[in-house]
1. Using only DSSP helix segments of four residues or longer, with each worth -39500 (n - 2.57), what per-residue ellipticity at 222 nm results for the chain after dividing by its residue count and rounding to 500?
2. So who's got an amide H within less than 5 Å of the one on Asn244, skipping anything under 5 residues away but keeping other chains? H placed 1.01 Å off N, in plane.
3. Treating the angle as unsigned and between 0 and 90°, give the value, to the nearest 10°, between the Cα long axis of helix 101-113 and the longest Cα principal axis of the chain.
4. Set the bar at 23 Å for Cα to Cα. Now go through Lys169/Lys314; Lys5/Lys313; Lys190/Lys314 and name every pair that lies beyond it.
5. To make sure I understand, if each residue's beta carbon is the centre and we count other beta carbons within 10 Å, what order do Ser75, Ser222, Ser295 fall in, fewest to most?
6. So what is the relative contact order for the chain, in percent, with contacts set as C-alpha pairs under 8 Å and at least six apart?
7. Please work out the FRET efficiency for the pair Gln91 and Gln256, using the Cβ-Cβ distance as r and a Förster radius of 51 Å; give the result to the nearest 0.05.
8. Fewest Cβ neighbours within 10 Å first, please rank Met43, Met247, Met117, Met317 accordingly.
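Where a number appears in this text, it was derived from the coordinates with a stated rule and is not lab data. Keep in mind it's a predicted model, so treat the numbers as computed, not measured. For neighbour counting, all protein chains shown are included, and Cβ atoms are generated from backbone atoms with ideal geometry for every residue, glycine included.
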Amino acid sequence: MTTLKDIARLAGVSTATVSRIINGKGEAGLDTIRKVNKIVAEMGYKPNTVAKTLSRRESSLIALLIPNLNNPFFSELVGEIERAANQHGFQIYLCNSEDDREKVEYYLETMADNYVMGAIINSLFVTVEDLRWLESRGISTITIDRTQLAHPYSAVAVDHVHGGYIAAKEVIGERHHQRLVFLSGPANEKSSEDRYAGYLKAVKEADAVNLGQLFGNFDITSGYQACYDFLQDGTIIDGIVSSNDAMALGAIRACQDLQRQVPKDIRIIGYDNTSYGAYSIPRLSTINQFKKKSSDIIIEELIRVHQHNQKAKKYQMEPELITRETT
């Protein structure tokens, strides 16, 4: 698909100049106008109707960049953010990056091409320079959860260290010399590392035994396989602290297949408080990240900064323990 940037590159001018010419704003030499119009015709470029609002920044679109929809947490988060956006008259432009840098770059360009009002960024593959690039084009940005960068723009984060701590404390309880394992997301994934740090703190305080980390991809299958492989030789453990609900559900199934009863033999806790956990057998204990409250804050912050020209703020959410049958 031909973009404004493509036209600008071929014409040797800025994207702003191309936009002004396409929208009949003039402000360019006659030769430049003719050159741009010729390239537009040759490339078959058709401006998005949203792009016509460039000079006024009245787009009702907000971009939402997420890593995937396989993890139920992200699919539920998308629903909550869309609800909050719709209440204020905005629509969501969903960008599923699949944790691929090339896709991230593609979506960043399409955000600029579609002149979105704001961009909600949840990705390990977005840099501070990417945020600056969006902001320079009049797109207000807000980072959430996984994108924990040092930047001057808006951000909503969860205290995952504390979340991992209270999750492990719940599994340990009042018992002594517990043997625990941590079911992590991919190596070097920031939120998992923070949860693991909190887990280690709780293990140390309780004089429990840490049997290490198992690694998955935040989906049910990887949680099942990691736990099945770890437990199949008869390894004795008392509890599993999982980085998310999906992998915890996989762990429950692995325990069942290996004739380990939950919670009698092994206690398990998830993280995210997705709807699936409330209906699993047994029902999954978990950590609540307050998706609804966070979504309201995210949209209100974008409106506050973009429409009212106020200074960006950073918000930190405190996670909450939800005890159910698996602990």
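1. Theoretical 222 nm ellipticity from helices: -13500 deg cm²/dmol.
2. Amide H neighbours of Asn244, under 5 Å, 5+ apart: Tyr271.
3. Roughly 40 degrees between the two axes.
4. Among Lys169/Lys314; Lys5/Lys313; Lys190/Lys314, the Cα-Cα distance tops 23 Å for Lys169/Lys314; Lys5/Lys313.
5. Ser75, Ser222, Ser295
6. For the chain, the relative contact order is 15 percent.
7. So the FRET efficiency works out to roughly 0.75.
8. Working: Met43 13, Met247 32, Met117 24, Met317 20.
If I rank by nearby Cβ atoms, fewest first, I get Met43, Met317, Met117, Met247.
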